[in-house]
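No value in this document is a laboratory result; all are computed from the given coordinates. If you're wondering where the values come from, they're calculated on a predicted model, not measured in any experiment. Positions of Cβ are generated from backbone atoms using ideal geometry, with glycine treated the same way; all protein chains shown enter the neighbour counts.
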2 protein chains.
Amino acid sequence: MKHNHTNPLNLSQAREAAQADNPVPADSKFSAVKQWLLRRLLRTAGNPAISVVLWDGQEITPAGVAPVGRIVLRSRGAFLKLLSHPDLQFGELYSSGQLEVEGDLVALLEAIGRSLPPITERGRLINALNRLYLLKRNTMAKARDNIYHHYDIGNAFYQLWLDQQMVYTCAYFPSPALDLEQAQIAKLELVCRKLMLKPDETVVEAGCGWGALALYMARHYGVMVRAYNLSREQLAYARERARREGLAERVEFIEGDYRQISGTYDVFVSVGMLEHVGLKHYGELGAVIDRCLKSSGRGLIHTIGRNQPAPLSAWIEKRIFPGAYPPSLGEMMQLFEPWRCSILDVENLRLHYAETLRHWLSRYDAAIDQVQAMFDTPFARAWRLYLAGSIAAFTMGDLQLFQVVFTRHHNNAVPRNREFLYREAGKADIF
Amino acid sequence: MKHNHTNPLNLSQAREAAQADNPVPADSKFSAVKQWLLRRLLRTAGNPAISVVLWDGQEITPAGVAPVGRIVLRSRGAFLKLLSHPDLQFGELYSSGQLEVEGDLVALLEAIGRSLPPITERGRLINALNRLYLLKRNTMAKARDNIYHHYDIGNAFYQLWLDQQMVYTCAYFPSPALDLEQAQIAKLELVCRKLMLKPDETVVEAGCGWGALALYMARHYGVMVRAYNLSREQLAYARERARREGLAERVEFIEGDYRQISGTYDVFVSVGMLEHVGLKHYGELGAVIDRCLKSSGRGLIHTIGRNQPAPLSAWIEKRIFPGAYPPSLGEMMQLFEPWRCSILDVENLRLHYAETLRHWLSRYDAAIDQVQAMFDTPFARAWRLYLAGSIAAFTMGDLQLFQVVFTRHHNNAVPRNREFLYREAGKADIF
């Protein structure tokens, strides 16, 4: 599927506007300093295949590259902000319209991402920031605020661009012919198969979104589910859906943090919550899993991850996902190793997330007028940048998507291999 | 398949012999001390479901257990040695015949393994030993000695109990009906499929044993292989086989350590070598992989592992695998994360190794007279204990078997899922 990522939110023909707004006289000394600073910024970014256009019309392109797009800075203030903290300010300036992108936004972000040196090579400051980050705690109150920030901005907003079932995590495209609705069902089915659910087993779900997985497990596999979530908007939606579909007896939606999970279960599942837990709390989450899993218990954690430890983009952390941290696989093992959990299967679905996000961005762009009407233009632009940047990050391998299946160390009732995941005669029509 | 693990090497009816050898007069005070020490030892081991018989015929069984077998200690000296360092001395005394096992050896070792507390709970001493262990270095000279110790004791010995192709790593039983020969071919095929080999690609193999995988890859997938090994006996065998099968043009066997690998390749593969590398050297091995892998390169590491970091059994380290260390998955990530390698797939084949080892032990027991004639009784008993103990360790979940597939971080030529591994129309007859 080919999507068109040209920006539907260009506020104006930015370059011309910028020139009119900033009638700076051509001063060759100032111009030389500007040029030097800009070339330095581009060099730090690894000289990406882009051009930068300043408010006075000056355009700079790193030597020897064929630019895939242009960044237009509309004022001297925007330029200085970008120089001071590019990782944060790119997003801030784009949202406010002080930075405009000409050309395909995703392609431009990929060009920058491709040239950026690995985070580990970006020097001591980043490492210091990383360590600082690890000191931050997601207490229960803080975790609640973080979740409200992202998930309680209105179900109507998410309905504009998610699939019908409101699944806000990586879909699964076993064939490229699947549409988003089908690919989300295929993902739910894949998770159920990996968990080897049997009728009347008990399942606890940590972080259940709008309830699609919990309801799917109950309907198609006959299990009993207790699903925890902090987002009140999501819980209200999920409870209403369970009632409507006659599944309220089998699925209980509970307002609570993962630390509040009580009881014991055959199965632990968590899809898209670990990103919000924070590395400092993996010991607590691991203890919860150990406490709530029966002796033959098994589980699955589905999470955005990294190839190596790295801090989250400063802008994403500030505006989109406060308190979030995608772990490396090595870091994830802190969840399991203290309790001797046995890892049975790890699958990396990275490119499936890029595909999912392309569907989301395409739907989002189609609904952009409604988003602007619901919120405002800076909000609409910020979310567009977040979706486009995520496509770029998954496509270039800056972000990964791990599904990790685990069980108690002594559980020998495990399958011989993963062939059973791919059998056609499944319960879902789609597989 | 049901195997019979009763000991073909019982030197005599141990209990009666012991009583005759040690005519200690019944001294009730000494007897009380002995009993107290023995009960303490059993308590430390978690009161396993076994009995212990002393040289004077005294028999002690932990309260409330139904013993699956008996340990017979033939002298006071053996008893004191076992008390002083059970982890090392159990193997030493068993090998020399001063400790005898009555009943099924595997079942008895499983009973002990099941009751032993996790290594992390065995106190500070173990943790200190663990840290000490991590200081040990497998220099190139030391690595060579370690490999000679285990692998250069004679191809004729291994031919007695391995499969025809001499594959000395975990086999793969997609169906329980496979025999060992078939299951080893299925493993070679599985590795090739995971690596997605294409004709004329170049492959480097680190640690190639008797060459079965290298030759299989060249024959069935048309790739060019350079295979490194330190064991001269294995290399001589592998080179001769390549010549005989007309594959010497496609497969080059090189005497060398993984640190001596030169050139660049499409594929890196290592089956059963990482166990010998030692945690301190993962940075070096990771650097070798990074140096030798082309930009679209991919790889597979197959290794014995753990659910959590733990030192190797002292006896296995001393007598069977000097310098060896099976890592946890978290520890393994030290190979990949510094170079941003992307983990695509992790599979745990733990129970396949238990099945493989049952085949090996069964063949070994059938050839025990020949082993004794080649070496001596203590050697034959030591290797029997190692095979039986390994069955127990994999069955109980003390050891894992990880196959980890990885690629460069930016490589997008990766499969959608693992369904292709399980397609029937493969190149092998067996799959």
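A few comments on the model shown:
- Cα-only Debye scattering, the protein assembly as shown: base-10 log of I(q)/I(0) at q = 0.08, 0.10, 0.11 Å⁻¹: -0.80, -1.15, -1.32
- Distances in nm from A:Ala66 to the matching label points in the other copies, shortest first (labels 7 Å along Cα to Cβ): 7.7
- Each residue, A:Gln164 and A:Lys198, gets one label point 7 Å from its Cα in the Cβ direction; the gap between the two is 3.3 nm.
- Computed over chain B, the per-residue total of -39500 (n - 2.57) for DSSP H runs of n ≥ 4 gives a 222 nm mean residue ellipticity of -13000 deg cm²/dmol, rounded to 500.
- Peptides ranked, highest mean first, by Cβ atoms within 10 Å: ranges A:203-211, B:347-355: A:203-211, B:347-355
- Partner chain coverage, peptide A:330-339 - average Cβ within 10 angstrom: 5
- FRET efficiency, A:Met374 to A:Trp36 (Cβ-Cβ, R0 45 Å, nearest 0.05): 0.55
- Computed over chain A: relative contact order in percent, which uses C-alpha pairs under 8 Å that are six or more apart: 17 percent
- Taking every C-alpha pair closer than 8 Å and separated by at least 6 residues, the mean separation divided by the residue count of the range A:236-389 gives a relative contact order of 20 percent.
- Summing Cβ point charges (Lys, Arg +1; Asp, Glu -1) relative to the Cα centre of the protein assembly as shown gives a dipole of roughly 1600 debye.
- Estimated vicinal HN-Hα couplings, Hz - the range B:248-255 in sequence order (Karplus 6.51, -1.76, 1.60; Gly, Pro = x): 5, 6, 9, 10, 10, 9, 10, 7
- Sorting A:276-282, A:38-44, A:185-191 by their mean Cβ neighbour count within 10 Å, with the most densely packed peptide first, gives A:185-191, A:276-282, A:38-44.
- Distances in nm from A:Lys294 to the matching label points in the other copies, shortest first (labels 7 Å along Cα to Cβ): 5.1
- Extents of the range B:268-403, largest first, come to 52, 26, 25 Å (Cα atoms, principal axes, whole angstrom).
- The mean number of Cβ atoms from other chains found within 10 Å of a Cβ in peptide B:170-176 is 1, as a whole number.
- Most to least packed among B:212-219, A:335-342, A:241-248, B:315-322 [average Cβ atoms within 10 Å]: B:212-219, A:335-342, B:315-322, A:241-248
- Per the axis that maps chain A onto chain B, nearest residue of A (Cβ criterion) and its distance in Å: A:Val346, 2
- Label distances, nm, A:Arg416 versus same residue in remaining copies, Cβ-directed 7 Å point: 2.6
- Label separation (B:Ala236 vs B:Leu80): 4.5 nm, computed from points 7 Å beyond Cα along the C-beta direction.
- Extents of the range A:140-422, taken as max minus min of Cα coordinates on every principal axis and listed largest first, are 54, 44, 43 Å.
- Computing FRET efficiency as 1/(1 + (r/R0)^6) for A:Glu255 and A:His220, where r is the C-beta to C-beta distance and R0 is 25 Å, gives about 0.45.
- Per-residue HN-Hα couplings for the range A:98-115 [Karplus 6.51, -1.76, 1.60; θ = phi - 60°; Hz; x = Gly/Pro]: 6, 10, 10, 10, 9, x, 6, 4, 4, 4, 5, 5, 5, 4, 5, x, 5, 8
- Unsatisfied cross-links (Cα-Cα over 25 Å) in the set A:Lys194/B:Lys187; A:Lys142/A:Lys318; A:Lys187/A:Lys280: A:Lys187/A:Lys280
- Radius of gyration over Kirkwood radius for the range B:338-431, both on Cα atoms: the Rg/Rh ratio is 1.16.
- Rounded FRET efficiency, nearest 0.05, which uses the C-beta distance separating A:Arg43 from A:Lys142 and R0 of 35 Å: 0.40
- Peptide-level mean, for B:396-403, of C-beta atoms on other protein chains within 10 Å: 3
- Selection from A:Ser75, B:Met273, A:Gly211, by position along the positive dipole direction of the protein assembly as shown (Cβ): A:Ser75
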